[in-house]
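To keep things clear, I will list the structure first and then write my remarks on it.
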Amino acid sequence: MPHSVPDSIAIEARAKILWGEPIEKVREYLMGKNVGEKDAGALLEELMAERAASIRSDGFGKIWAGAASVAAPVAYYFATHVWIGYWNHKLFAALVVLAAVGVIKLVSGISMVIRPGAVRGDLSGAADM
């Protein structure tokens with residue numbers, strides 16, 4: 001549903017939503033700027049959908065990074081131990097640690113994709129969580 005909120009107010013509301021302010025506070029802000037309930041609801045719905053899309057996008061990035069980190073020791077093992085016959089144990093151990101971090105990123109990314117509403121706070125560092 002389209003809204004008729006002035007651009008300057010909509011931009012400020014968008015910033016508040018992306019900075020992680022509760023939706024109730026943003027609604028109060030809009031009401032304080034003489035925005036009608038119907039227009040405020042339509043704008044907030046649009047902004048929350050935009051926030052969820054941003055979180056999901058960051059989540060997909062974490063999924064890819066996590067999957068690559070998990071695949072690194074597997075690829076190293078097959079490339080060196082199986083095909084070449086020699087491998088460096090210390091490097092493999094470091095890659096296993098990388099894979100452990102990758103599993104954490106993978107799970108976090110899946111969580112962000114499935115439940116974007118569970119992410120609280122500012123989105124500027126959402127991909128780093």
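The values are calculated or read from the model by the stated rules, or taken from the named source; none is laboratory data. Since we're looking at a predicted model, the values are computed, not measured. All Cβ positions, even for glycine, are placed from backbone atoms using ideal geometry, and neighbour counts span all protein chains on display. These accessible areas exclude ligands, DNA and RNA; they are computed on the full protein's heavy atoms, side chains included. Shrake-Rupley method; radii C 1.70, N 1.55, O 1.52, S 1.80 Å.
What the table below lists for this structure:
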| read-out | value |
| --- | --- |
| Where chymotrypsin sites (Phe, Trp or Tyr not before Pro) in DSSP loops with at most 12 other Cβ within 10 Å are excluded, longest remaining stretch of the chain | 20-82 |
| Structure-based [θ]222 nm, the chain - -39500 (n - 2.57) summed over DSSP H runs of at least 4, per residue, nearest 500 | -24000 deg cm²/dmol |
| Folded to 0 to 90 degrees: helix 37-76 orientation relative to the chain principal axis, Cα | 0 degrees |
| Å² per residue, accessible surface of segment 10-129 at 1.4 Å | 61 Å² |
| Loop-located trypsin sites (Lys or Arg not before Pro) in segment 13-86 whose Cβ has at most 15 other Cβ within 10 Å (DSSP) | 33 |
| Rel. contact order, % - alpha carbon contacts under 8 angstrom, at least six apart, the chain | 33 percent |
| Lysine pair number, Cα distance threshold 20 Å (strictly under), the chain, separation 8 or more or different chains | 6 |
| Protein accessible area in the chain, 1.4 Å probe - carbon and sulfur % | 65 percent |
| Viscosity 1.567 mPa s, 4 °C: Kirkwood-radius Stokes-Einstein D of the chain over Cα pairs, µm²/s | 75 µm²/s |
| Signed unit charges on C-beta, dipole axis of the chain, positive-most listed residue 84, 107, 53 | 84 |
